[in-house]
Amino acid sequence: MLIYVVNTSQNIKSTEFNKVIRAIKKQVKYDWTPSWSMPATIKSKKIDNLGVQAPELNAADVILYVGELTDDPQAVDQALGYHSLNYSGIPYGFVFTDVVAKYGEEWSVTLSHEVLELIADPDVNLLVVAPHPTKARSQCLLSYEVCDPVQGDIYEIDGVKVSNFVTPLYFAQGTKPDVTTNFMKLNLKQYGVRPNGYLAYLDLADGQWKNVFGEGAEARTQAKAALGLARRNARKNEMLK
């Protein structure tokens, strides 16, 4: 998989941006891939004006844009329109640095989160059969998100903060209770959530999407929605309604 991370920010210096990209490359190569066996190549591109097309991005399997929302209600639509016009069909995501700062997260963590989730499920269409969170002896379908359950946990690579992620055993059935469910080896049960983490599941009884929130996660998730953060793509937003 080839991922292009496009820097459209007017505030992030190239030295800072490149330092973050190098750290996430290391995370994917040394932390993520040995666990998930899903390698990815990450390249970066600077674009000062979203009206300009970059032909090399057509080779990407995934495109992530890093920039500012600047409180412009039209900014998300403009960014979506730019991607659709120039790179239609390529899965994408946005990291708005000014938005993530408002809910207390460094943009490097958000970018790490989005990179890993796009590697795992670029089209946002994978679901996992799992025990129902509240109904004994019932099952549900979990959204295949590898960072959401542990989104409040971070670690550092070369001084850059990145996101924790779950392991494949988090989604596995019939395993022992003491399996390692996340990279940082923190206390997390299969199909569970950490503080500030959450998961989305489809309740098969009524066909409705619902959430399970860890401590502090609901307010944080509501803040993201209120701030208009466009994460991954529109299909995920529709799926979680």
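The values are calculated or read from the model by the stated rules, or taken from the named source; none is laboratory data. Predicted model, so just to flag it, every value in this text is computed and none were measured. All Cβ positions, even for glycine, are placed from backbone atoms using ideal geometry, and neighbour counts span all protein chains on display. Note: areas computed on protein heavy atoms with side chains; ligands, DNA, RNA excluded. Shrake-Rupley method; radii C 1.70, N 1.55, O 1.52, S 1.80 Å.
Translational D (Stokes-Einstein, µm²/s) of segment 144-188 at 10 °C and 1.306 mPa s when Rh comes from the Kirkwood sum over C-alpha pairs?
Numbers: Rh = 11.2 Å.
Taking Rh from Cα pairs, D becomes 142 µm²/s.
How much area per residue is accessible in the chain when the probe is 1.4 Å and only protein heavy atoms are counted (Å²)?
Dividing the accessible area of the chain by its residue count gives 47 Å².
Convert each backbone phi in segment 27-36 into a coupling constant with the Karplus relation 6.51 cos²θ - 1.76 cosθ + 1.60 (shift: θ = phi - 60°), then list the ³J(HN,Hα) values in order as whole Hz, x for Gly and Pro.
Karplus-based 3J(HN,Hα) across segment 27-36 equals 4, 5, 6, 9, 10, 6, 4, x, 7, 9 Hz.
Is segment 8-67 rounded, prolate or oblate when judged by the Cα gyration tensor, a ≥ b ≥ c being the square roots of its eigenvalues, rounded requiring a/c under 1.5 and prolate requiring a/b larger than b/c? Each step should come with its number before you reach the end.
Numbers: a/c = 3.30, a/b = 1.53, b/c = 2.15.
Because a/c hits 1.5 or more and a/b fails to exceed b/c, segment 8-67 counts as oblate.
Enumerate the aspartates and glutamates that residue 25 could reach by cross-link, defined here as Cα to Cα under 15 Å, with residues fewer than 8 away along the same chain left out.
Within the straight-line limit of under 15 Å, residue 25 reaches these aspartates and glutamates: 16, 114, 117, 156, 158.
With +1 on each Lys and Arg Cβ and -1 on each Asp and Glu Cβ, how big is the dipole of the chain about its Cα centre, in debye rounded to the nearest 20? Don't jump to the answer; show the numbers that get you there.
Details: 25 positive and 27 negative charges, 110 e Å.
Charge dipole, the chain, about its Cα centre: 540 debye, nearest 20.
First check a/c for the chain, with a ≥ b ≥ c the square roots of the eigenvalues of its C-alpha gyration tensor; if it is under 1.5, answer rounded, and if not, answer prolate when a/b is larger than b/c or oblate otherwise. Present the calculation step by step, with values, prior to reporting the outcome.
Working: a/c = 1.72, a/b = 1.46, b/c = 1.18.
Cα axes put the chain in the prolate bin.
Mind checking the angle between helix 75-87 and the chain's longest principal axis? C-alpha axes, 0 to 90 degrees, to the nearest 10.
Rounded to the nearest ten degrees, it is 80.
With everything on Cα atoms, drop me the angle between helix 107-120 and the longest principal axis of the chain, reported from 0 to 90° to the nearest 10.
It works out to around 70 degrees.
With each run of n ≥ 4 DSSP H residues scored as -39500 (n - 2.57), what mean residue ellipticity at 222 nm is computed for the chain after dividing by its residue count and rounding to the nearest 500 deg cm²/dmol?
Calculated from helices alone, the mean residue ellipticity at 222 nm is -8000 deg cm²/dmol.
Which whole-number percentage describes the relative contact order of the chain, with Cα contacts under 8 Å and a sequence gap of 6 or more? If you can, show how the numbers build up before the last one.
Working: 417 pairs, mean separation 42.5, N = 241.
This gives 18 percent for the chain.
If you take every residue apart from residue 43 with its C-beta less than 13 Å away from the C-beta of residue 43, what net charge results, scoring Lys and Arg +1 and Asp and Glu -1? Present the calculation step by step, with values, prior to reporting the outcome.
Working: positive: 22, 25, 45, 46; negative: 56, 61.
Computed value for this residue: +2.
Scan segment 109-171 for GluC sites (Glu not before Pro) in coil per DSSP, keeping those whose Cβ has at most 11 other Cβ atoms within 10 Å, and list them by number. Please list the in-between numbers first.
On the way: sites: 114, 117, 145, 156; in loops: 145.
Counting only loop positions with at most 11 other Cβ atoms within 10 Å, none of the GluC sites (Glu not before Pro) in segment 109-171 qualifies.
Counting other Cβ atoms within 10 Å, keep those with at most 14, restrict to DSSP loop, and tell me which trypsin sites (Lys or Arg not before Pro) in segment 39-135 are left. Numbers along the way, then the final one.
Values: sites: 43, 45, 46, 102, 135; in loops: 135.
Listed in order of number, the matching sites are 135.
Have a look at 194, 137, 220 and tell me which one the Gaussian network model of the chain (Cα, springs below 10 Å) gives the largest fluctuation.
So, out of 194, 137, 220, the one fluctuating most is 137.
For segment 1-151, with all protein chains present and a 1.4 Å probe, just round the carbon and sulfur fraction of the accessible area to a whole percent. Please report the intermediate quantities before stating the final value.
On the way: 3330 of 6680 Å².
Using a 1.4 Å probe with all protein chains present, segment 1-151 comes out at 50 percent carbon and sulfur.
Which Cα, out of 146, 186, 101, lies furthest along the positive dipole direction of segment 98-193 (beta carbon charges, K/R +1, D/E -1)?
Working it through, the farthest residue towards the positive pole turns out to be 186.
With θ set to phi - 60°, apply the Karplus curve 6.51 cos²θ - 1.76 cosθ + 1.60 along segment 2-15 and write out the HN-Hα couplings as whole Hz, x wherever there is a Gly or Pro.
10, 10, 9, 9, 9, 8, 9, 6, 8, 10, 8, 6, 4, 5
Charges at C-beta only: +1 for Lys and Arg, -1 for Asp and Glu. How large is the resulting dipole of segment 8-135 about its Cα centre, in Debye rounded to 20? Spell out each step's value before the answer.
On the way: 11 positive and 16 negative charges, 113 e Å.
It works out to roughly 540 debye.
Please list, ordered by chain and number, the residues whose modelled amide H lies under 5 Å from the amide H of residue 139; skip anything fewer than 5 residues away on the same chain.
Excluding prolines and chain starts, which carry no amide H, the hits are 132.
How large is the translational diffusion coefficient of segment 44-181 in µm² per second when you combine the Kirkwood radius over alpha carbon pairs with Stokes-Einstein at 37 °C and 0.692 mPa s? Kindly include the intermediate steps, with their values, before the conclusion.
Numbers: Rh = 17.3 Å.
For these conditions, the coefficient is 190 µm²/s.
Averaged across orientations, what area in nm² does the convex hull of the alpha carbons in segment 150-218 project? If you can, show how the numbers build up before the last one.
Working: hull surface 22.8 nm².
Value for segment 150-218: 5.7 nm².
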